[in-house]
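Peer 1: Sending over a structure as structure tokens; questions will come in a sec.
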Amino acid sequence: MDLNGIAAVAKSIRSLSIDAIQKANSGHPGLPLGCAELAAVLYGEILKHNPADSKWADRDRFVLSAGHGSMLLYSILHLSGYKVSLDDIQSFRQVGSKCPGHPEFGWTDGVENTSGPLGQGIAIGVGMALAETMLAAKFNTEKRTIVDHYTYVLSGEGCLEEGVSSEASSFAGHNKLGKLIVFYDQNKISIDGSTDITFTEDIGKRYEAYGWQVLRGDMYDVEGIAKLVEQAKAETEKPTLIMLKSVIGKFAPKQGTPSVHGEPLGVDDVAATKKNLGLNPDEFFQVDPEAYKYFEGKKADFAKKEEDWKKEFDAWAKENPELAKQWKASFDGAEDGTADDPKYEVGKSVATRTASGDMINAMGLRYSYLVGGSADLKGSNKSGMKCDGGTYTPDNRAGRSIEYGIREFGMASIALGMSAHGGIRPFVATYLVFSDYMRPSIRVAALMKQPVIYDLTHDSIYVGEDGPTHQPIEHLASLRAIPNVQVLRPGDAEETVVAWNMAMASKDHPVVFALTRQNVSVYAKEDSSWKENAARGAYVVKKGGDNPDVTVIATGSEVSMALEAAAKVSGKSVRVVSVLDKTLFERQDDLFRDSVLGKSSRKIVVEAGVRNGWEFYVSDRKDLFTIDRFGESGPAKKVAESLGFTAENLASLIES
């Protein structure tokens, strides 16, 4: 190990970080100053990676969970040869910069995940490690190993305090994800002071209780860190937490204090820190020439690791052509199997959660890389996978059905990590009302443009006896409000088939299904091109003539209510429109939207949720037939009657 080279890299990380943060007059110097040695030895000696190809499939993954320390990552990416220039670093935290305030996936070469919300990085890392085991079980053969890499995570106290890290860490220990290694930057400082004011539990014992191996060391002993990593790798049945005692803001005048965490050091302290590092205080963005030289000497080794893997992969592909086809499909997001869409007769009564379950298993045959699971609600969600593979366990890494337990936030973030890893298309399932637990992860998935599928059932007051805690009211509007999230609420089993095909075709955004618990009838569609139009967001179920008196705009189970109400109305022509995807429909051109909504002067909106977002469809607020209060506990029909949410009342509104 070239200790002088690693020291030069660590010094340069500190130099670049404090100058970038000072120039931006914004940022977090504490972590880059405190963890520079770890980044240097990790990227120089430990990671299997090739900066010339940041997307190499069998690379080790590095997840920065403590995303506020972004300048640590940008600095080491620049020094080690990724496509992050010195000019990029000098424009840290500026609009359009490749070095944004917190790392963003798809924006900066070598960045594996969007981070910022603390704790989610650990869960994303768990998902990446989980994906590695699944792909290894699927593609490795007795003769060839083409999937064999580790996932490393750098976390801080804040990450370990957030509940999502507990959920994900418990899952990782239970599933014996031995190729997951988490570094804990143990500086014992938070924004408001020492962590002693809030965080005094025994972290080591906590992680041992999760089923992890716990190791301890010094952040500034690079040889010791390398030995700890080897010890972590030797334990194949437990993930490892490496607790590294550190000094936040090391070498700064105020090192070890909260003041170096989240604000620039200031001109005088930057100069003093440079003096402590042996740098010229009057020079900016200094890089020790030995740092560049060190990584220049590593370039050939980095490239050779990928070249060796490619040779192994090419030999494997030649020997296993069918597996090779599946590999390509898995990473391209293409079909690699066959299965017919299920068929449903008009008049048949089917809950859309049941139709979704049918589609999960059809899609599982059509896409061999579709995997999924539920937060202990598989039977209720109808989300069980019956495809080959069975349930994923430490003894059955080929399983495609995942038991997440009651860990909704962790589940969603783990699925996000699987998606970001590549080669896996994950879905997760729970009740719609519990999307509140998952919302922070759904938002990050939208930022990362990852096509995670959220199979959310029990979508309205028709949950019934479980009462208002389980009856989603504001959730559809809340999820539609997140940019880049597609919310699909099919009205019957046939629309559910279309929705699943739309979801599997998505490449750059997460998809939410809102599905019924109760049975709903499959209704006749008067639009002969309804499938194509539904895929544009909405279509006409019942035409009511070319110029209907009233157009009723409905989603989900309320389409059936609208049809029932329309049948009760006399003396007026009524059009019924099913809106499968409100946001998508609103993006269509005026000609299409007008053709669907018709030329009637009056529009009525029907949805079993709050009115938010529907207001501009109507000219009078009374034509928003929605539910703007919490529900009640009782049989579903009685709850609807108590809220006045009935076909009879809708018919009266249409006639009024």
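The values are calculated or read from the model by the stated rules, or taken from the named source; none is laboratory data. All values derive from a computational prediction rather than experimental measurement. All Cβ positions, even for glycine, are placed from backbone atoms using ideal geometry, and neighbour counts span all protein chains on display. Surface accessibility is based on the protein's heavy atoms, side chains included, excluding ligands, DNA and RNA. Shrake-Rupley method; radii C 1.70, N 1.55, O 1.52, S 1.80 Å.
Peer 1: Which of the three applies to segment 1-94, rounded, prolate or oblate, going by the alpha-carbon gyration tensor with a ≥ b ≥ c and a/c under 1.5 meaning rounded?
Peer 2: It comes out prolate by the Cα gyration axes.
Peer 1: Shifting gears a bit: Hey, can you rank 245-256, 501-512, 112-123, 22-33 by average C-beta count inside 10 Å, highest first?
Peer 2: 112-123, 22-33, 245-256, 501-512
Peer 1: Rolling a 1.4 Å sphere over the protein heavy atoms, what is the accessible area per residue of the chain, to the nearest Å²? Let's see the in-between values first.
Peer 2: Numbers: 24850 Å² over 656 residues.
Each residue of the chain exposes 38 Å² on average to a 1.4 Å probe.
Peer 1: Okay, moving on. Any idea which of S460, S419, P440 is furthest toward the positive side of the dipole for segment 376-465, if Lys and Arg beta-carbons carry +1 and Asp and Glu beta-carbons -1?
Peer 2: My answer, from the dipole projection, is S419.
Peer 1: If you don't mind, another one. Would you mind classifying segment 423-496 by shape? Square roots of the alpha carbon gyration tensor eigenvalues, ordered a ≥ b ≥ c; an a/c under 1.5 is rounded, otherwise it is prolate if a/b is larger than b/c and oblate if not.
Peer 2: prolate
Peer 1: Hey, got the dipole for segment 457-527? About the Cα centre, +1 on K and R Cβ, -1 on D and E Cβ, debye to the nearest 20?
Peer 2: Numbers: 5 positive and 10 negative charges, 46 e Å.
Magnitude of the dipole: close to 220 debye.
Peer 1: Give me the net charge for the shell around L154: Cβ to Cβ below 14 angstrom, other residues only, Lys and Arg +1, Asp and Glu -1.
Peer 2: -4
Peer 1: Could you work out the percent of alpha carbon pairs in the chain separated by over 38 Å, rounded to a whole number?
Peer 2: Every Cα pair in the chain considered, those over 38 Å come to 41 percent.
Peer 1: By the gyration tensor of its Cα atoms, with a ≥ b ≥ c the square roots of the eigenvalues, what is the shape of segment 414-553: rounded for a/c under 1.5, prolate for a/b over b/c, or oblate?
Peer 2: Numbers: a/c = 2.10, a/b = 1.40, b/c = 1.51.
Oblate.
Peer 1: Please give, to one decimal in nm, the separation of the simple spin-label points placed at D376 and K531, each 7 Å out from Cα toward the Cβ.
Peer 2: 4.0
Peer 1: Where Lys and Arg each count +1 and Asp and Glu each count -1, what net charge lies around I89 among other residues with Cβ under 14 Å from its Cβ?
Peer 2: +1
Peer 1: Quick check: the distance between the Cα centres of segment 569-600 and segment 358-384, to the nearest angstrom?
Peer 2: Between the Cα centres of segment 569-600 and segment 358-384 lies a distance of 32 Å.
Peer 1: Rank by packing, highest mean first: peptides 434-446, 150-162, with packing defined as the count of other Cβ atoms within 10 Å averaged across residues. Don't jump to the answer; show the numbers that get you there.
Peer 2: Numbers: 434-446: 21.6, 150-162: 24.2.
The peptides rank, most packed first, as 150-162, 434-446.
Peer 1: State, as an integer percentage, the relative contact order of the chain based on alpha-carbon contacts under 8 Å between residues 6 or more apart.
Peer 2: Details: 1459 pairs, mean separation 76.5, N = 656.
Once divided by the residue count of the chain, the mean separation gives 12 percent.
Peer 1: Multiply the residue separation of E312 and R593 by 0.36 nm, subtract the distance between their alpha-carbon atoms, and state the gained length in nm to one decimal.
Peer 2: So the extension gain works out to 95.8 nm.
Peer 1: For the pair E632 and M1, what calculated FRET efficiency results from E = 1/(1 + (r/R0)^6), where r is the Cβ-Cβ distance and R0 = 51 Å, to the nearest 0.05?
Peer 2: 0.15
Peer 1: Roughly speaking, to the nearest percent, how much of segment 433-548's 1.4 Å accessible area is carbon and sulfur?
Peer 2: 49
Peer 1: Could you tell me the calculated FRET efficiency between I203 and I406, based on Cβ-Cβ distance and R0 = 25 angstrom, to the nearest 0.05?
Peer 2: Once the sixth-power term is evaluated, E becomes 0.60.
Peer 1: Separation of segment 634-656 and segment 549-565 by C-alpha centroid, Å?
Peer 2: Using only Cα atoms to place each centre, the spacing works out to 12 Å.
Peer 1: For the residue pair E648 and K543, what label-to-label distance in nm results when each label sits 7 Å from Cα along the Cα-to-beta-carbon direction?
Peer 2: 3.3
Peer 1: Lys and Arg at +1, Asp and Glu at -1: add these up for the other residues within a Cβ distance under 11 Å of Y392 and post the number.
Peer 2: Here the count lands on 0.
Peer 1: Using a Förster distance of 25 angstrom, determine the FRET efficiency expected from the C-beta separation of A137 and T338, and round it to 0.05.
Peer 2: 0.65
Peer 1: Right, next: At a 1.4 Å probe, what is the % contribution of carbon and sulfur to the accessible area of segment 143-187?
Peer 2: That fraction is 36 percent.
Peer 1: Taking the Cα centre of each part, how many Å lie between segment 67-142 and segment 185-262?
Peer 2: 20
Peer 1: Same structure again: What is the magnitude of the charge dipole of the chain about its Cα centre, with +1 placed on the Cβ of each Lys and Arg, -1 on the Cβ of each Asp and Glu, and no other charges, expressed in debye to the nearest 20?
Peer 2: With only Lys, Arg, Asp and Glu charged at Cβ, the dipole is about 680 debye.
Peer 1: Now for a different question. If amide H atoms are built 1.01 Å from N in the plane of the peptide, which residues on other chains or at least 5 residues away come under 5 Å of the amide H of R61?
Peer 2: Y150, T151, Y152
Peer 1: While we're here: Given Y74, M128, S85, which one lies farthest toward the positive end of the charge dipole of segment 40-186, if we put +1 on the Cβ of every Lys and Arg and -1 on the Cβ of every Asp and Glu?
Peer 2: The residue sitting most towards the positive pole is M128.
Peer 1: Could you sort the peptides 398-409, 363-374, 205-216 by per-residue average Cβ neighbour count (10 Å cutoff), highest mean leading?
Peer 2: 363-374, 398-409, 205-216
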